[in-house]
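Q: Below you'll find the structure I mean.
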Amino acid sequence: MSPKDAELLNGLALAYMGDAVYERFIRERLLTKGQTKPNQLHRLATKYVSAKAQAWLMDEMMTEEVLTETELNYFKRGRNAKSYTKAKNTDGPTYNKSSGFEAVIGYLYLTEQSERVAAVMQYCAEKIEQRQQNDQ
């Protein structure tokens with residue numbers, strides 16, 4: 001998809017795609033690390049893909065200035081999009097920020113920026129893993 005075509009998609013459509021791409025990346029990462037028990041896989045994956053984790057990752061990326069100006073614009077589109085579903089396990093602002101995170105991933109994936117999407121997801125996975133080590 002061209003960047004022009006991606007511009008035509010709303011933030012929630014981008015987030016829809018980004019959610020799937022990021023979830024798949026995390027599932028593959030956990031399996032590659034030797035995790036194979038279904039209950040454990042789900043529990044571990046949640047630490048990476050929950051709205052709270054994604055909102056925290058956005059804060060980290062903004063603090064460390066990881067994202068480009070274009071990526072920040074897509075984050076804002078996803079964050080500010082009007083969702084008609086309620087967040088299950090978090091507050092509205094956290095849910096909105098996580099939607100912005102997913103919109104960035106969706107935009108990068110749909111515009112076939114494979115190296116960049118891989119780099120951003122790798123950064124995110126490593127940040128979560130560092131956080132888990134620090135919490136132990």
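Q: Residue check: is Tyr74 among the aromatic types (Phe, Trp, Tyr), under 13 Å from the mean Cα position of the chain (by Cα) and buried (at least 23 other Cβ atoms within 10 Å of the Cβ)?
A: yes
Q: Determine, yes or no, whether Ala87 is surrounded by fewer than 19 Cβ atoms within 10 Å (Cβ to Cβ), modelled with pLDDT under 95 and part of a loop (DSSP other than H, G, I, E, B).
A: yes
Q: Quick one: what pairs do we get from the stretch 107-123, first residue without any contact (Cβ under 8 Å) to a residue 24 or more places away in the chain, second assigned to a helix (DSSP H, G or I), C-beta under 6 Å, 6+ apart or different chains?
A: Arg116/Leu108
Table: residues versus (1) under 16 Å from Gly18 (Cβ atoms); (2) part of a helix (DSSP H, G or I).
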residue	(1), (2)
Lys82	no, no
Ser98	yes, yes
Phe101	yes, yes
Ile105	yes, yes
Glu115	no, yes
Met121	yes, yes
Glu129	no, yes
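Q: Here are some residues: Tyr107, Tyr74, Tyr123. Which one is under 26 Å from Met1 (Cα atoms) and in contact with a Pro (Cβ under 9 Å, 6 or more places away or on another chain)?
A: Tyr107
Q: Next question. Could you please let me know if Ala81 is farther than 22 Å from Glu126 by Cβ and touching a residue at least 60 places away in the same chain (Cβ under 8 Å)?
A: Answer is yes for this residue.
Q: Here's another thing I want to ask about it. State which residue is modelled with the lowest pLDDT when the search covers only the stretch 16-68 and only residues that are more than 18 Å from Glu126 (Cβ to Cβ), within 14 Å of the chain's Cα centre (by Cα) and hydrophobic (A, V, I, L, M, F, W, C).
A: Ala51
The values are calculated or read from the model by the stated rules, or taken from the named source; none is laboratory data. Everything quoted here is computed from the prediction, not taken from an experiment. Using ideal geometry, Cβ is built from the backbone for each residue, glycine included, and neighbour counts are taken over all protein chains shown.
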